[in-house]
Amino acid sequence: MSAHDVDLFVIGAGSGGVRAARIAAGYGAKVAIAEDFRIGGTCVIRGCVPKKLYVYASRFADDFADAAGFGWRLPAPPVFDWPSLVAAKEREITRLSGLYAANLEKAGVAIHADRAVLLGPNEVMLVRAGKRVAARHILVATGGAPQQVPLFPGIELTISSNEVFDLPRLPRAMLIVGGGYVAVEFASLFARLGTKVTLAMRADRPLRGFDDDLREGVADALTRAGVDLRCGHMPARAEKSGEGLVVTMSDGARLDADVVMMATGRAPATHGLGLEQAGVACDRHGAIVVDAFSRTNVGSIHAVGDVTNRVNLTPVAIREGHAFADTVFGGKSVAVDHATIATAVFTTPEIGTVGISEAAAIADHGDVDVYKTAFRPMRATLAGGEQRMMMKIVVDAKTDRVLGVHILGEGAGEMAQLLGIALKMGATKADFDATMAVHPTAAEELVTMRSPTTRHRR
Ligand code: NDP
């Protein structure tokens, strides 16, 4: 008889943990999983999924505005009802969470609605149940949590993306702090739903690390959507004022807002997990240190997803969870390749991007050709407005290899997924040129840009 109660105990039923549990169980392992919030994790419950639903909701504002150009006469100005959206979102994430639970059960995984902490290399404690479980392997997949930084007087009056989905009413005025994915996506969507949005960040432009043309394009699109951009300014103090808050900014400006949302990044959720007791090493940001196979320094303990702070994206956590199960229970050694990951930012217009930016390409490769186009999307010809779409291909001039593709415009996220395959295969600019266009689409521009707009030479 085994000395262990289970072959695998997974802490955290988010994207990475659920995938690992199901695949390991499929290989015949006896698996248990603990989740102290809701099954599905950040992505399903208060991240990617509800965010995308809210983005869809917000884009009807553009559709209604554009409709007149195509002959539609709307009888009265459309009215948006926030509680209806929140309720519809809740139904959908409850359905998804239920599906996740059902799939785990179907795979034979035992689910504990409880907080689990490590007691040692092969033992966890279910806190509410007061029960110890001995496990041959433990997988930590606890994800991350919003970090509200830097501290200022009144920061306890602010919220994070955890709370924003379920606000009791649509904010009249909202201050969003930060310039990353979360900040720009929520600024873009709340502005469209009718909130007066101010977006403050320490940087001179949003989305540090993205290609500069995308950063400028998003800043411009946010301004056009009515967002008041305060770059280089952060809150210095927040105080209650009637039903809302008054915020004093670092430049002395005072802002009224019903809601202040901090979107200043996320930190690995390792606090109080018992990692020290189990001897698991963390880095200075609190992330669990792992190797290419998601192994920690303790042989029986692995970690996947945001808790390891590698590339903090849902599909990456899923891949890491799957690779862990293949390696430990499936008899195949699978390491996750974290290079060239396509990603999208769901502002309106949205970003789709894969590979490296123009600036990074120049730094890394020296001789770089850039093919860039900015045009009015076809829909805007009848709808009117100043909408522009931007596409950029960054090419290594010596080898002709495409190093990066960056798109700002409708459907950019969908395009990035497919471009991800091409770049992963090592596509050259000649491969793009040899590909026939799909007409009339916006994406056809990707295969019809003939001459470089800029040639960088060392
Ligand atoms: P990001 O890491 O994208 O951005 C963090 C922002 O906070 C940056 O603007 C950063 O500023 C700012 N910041 C960090 N520390 C401080 C500080 N001490 N003072 C002032 N500003 C600070 O984090 P998000 O919270 O936006 O998103 C969290 C993660 O979730 C992302 O890493 C992303 O992987 C994931 N995500 C993915 C989405 C998608 O795929 N579409 C959508 C939403 C989230 P600076 O730029 O100056 O460093």
**Message:** I'd like to know if segment 7-28 contains one or more residues that are farther than 17 Å from residue 102 by Cα and within 27 Å of the chain's Cα centre (by Cα).
**Reply:** yes
**Prompt:** Would you pick out the residues in segment 311-345 that are among the polar types (S, T, N, Q) and either touching a Ser or Thr at 6+ places or on another chain (Cβ under 8 Å) or closer than 23 Å to residue 137 by Cβ (or both)?
**Reply:** 314, 327, 333, 343
**Prompt:** In segment 128-149, which residues are modelled with pLDDT of 95 or more, assigned to a loop (DSSP other than H, G, I, E, B) and within 30 Å of the chain's Cα centre (by Cα)?
**Reply:** 141, 142, 143, 147
**Fill in**
Subset of segment 199-226, residues over 13 Å from residue 351 (Cα atoms) and surrounded by 23 or more Cβ atoms within 10 Å (Cβ to Cβ), comes to 199, 200, 201
**Prompt:** Does segment 170-179 include one or more residues that are assigned to a helix (DSSP H, G or I) and buried (at least 16 other Cβ atoms within 10 Å of the Cβ)?
**Reply:** no
**Fill in**
Checked 320, 358 against criteria (touching a helix residue (DSSP H, G or I) at 6+ places or on another chain (Cβ under 9 Å), under 30 Å from residue 450 (Cβ atoms) and touching a residue at least 40 places away in the same chain (Cβ under 8 Å)); the one match is 358
**Prompt:** Counting residues that are within 16 Å of the ligand (Cβ to nearest atom) and either without any contact (Cβ under 8 Å) to a residue 40 or more places away in the chain or under 25 Å from residue 387 (Cβ atoms) (or both), which strands (runs of 3 or more DSSP E) fully inside segment 207-275 reach at least 2?
**Reply:** 228-231
**Prompt:** Out of (1) more than 15 Å from the ligand (Cβ to nearest atom); (2) buried (at least 18 other Cβ atoms within 10 Å of the Cβ); (3) in contact (Cβ under 8 Å) with a residue 60 or more places away in the chain; (4) over 30 Å from residue 305 (Cα atoms), the odd one out for residue 195 is which?
**Reply:** (3)
**Message:** Return the residues of segment 345-360 that are more than 16 Å from the ligand (Cβ to nearest atom) and in a helix (DSSP H, G or I); say none if nothing qualifies.
**Reply:** 358
**Request:** Considering each of 151, 99 in turn, give the residue that is surrounded by fewer than 23 Cβ atoms within 10 Å (Cβ to Cβ), within 16 Å of the ligand (Cβ to nearest atom) and free of Cβ contacts under 8 Å to residues at least 24 places away in the same chain.
**Result:** 151
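Per-residue answers, yes or no, for (1) within 16 Å of the ligand (Cβ to nearest atom); (2) within 25 Å of residue 10 (Cβ to Cβ); (3) in contact (Cβ under 8 Å) with a residue 12 or more places away in the chain:
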position: 143; (1), (2), (3): yes, yes, yes
position: 147; (1), (2), (3): yes, yes, yes
position: 155; (1), (2), (3): yes, no, yes
position: 158; (1), (2), (3): yes, no, yes
position: 170; (1), (2), (3): no, no, yes
**Pair list, Cβ < 8 Å and 6+ apart or interchain, from segment 377-400 residues that are farther than 28 Å from residue 66 by Cβ and touching a residue at least 24 places away in the same chain (Cβ under 8 Å) to residues that are part of a helix (DSSP H, G or I) and among the polar types (S, T, N, Q)** = none
**Asked** Out of 99, 126, 139, which single residue is over 30 Å from residue 216 (Cα atoms) and either touching an Asp or Glu at 6+ places or on another chain (Cβ under 9 Å) or of a type in the set (Gly, Ala, Ser) (or both)?
**Response** 126
**Asked** Out of the residues in segment 284-310 that are within 16 Å of the ligand (Cβ to nearest atom) and not in a helix (DSSP H, G or I), which is surrounded by the most Cβ atoms within 10 Å (Cβ to Cβ)?
**Response** 304
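The values are calculated or read from the model by the stated rules, or taken from the named source; none is laboratory data. Everything numeric here is computed off the predicted structure, so don't read it as measured data. Using ideal geometry, Cβ is built from the backbone for each residue, glycine included, and neighbour counts are taken over all protein chains shown.
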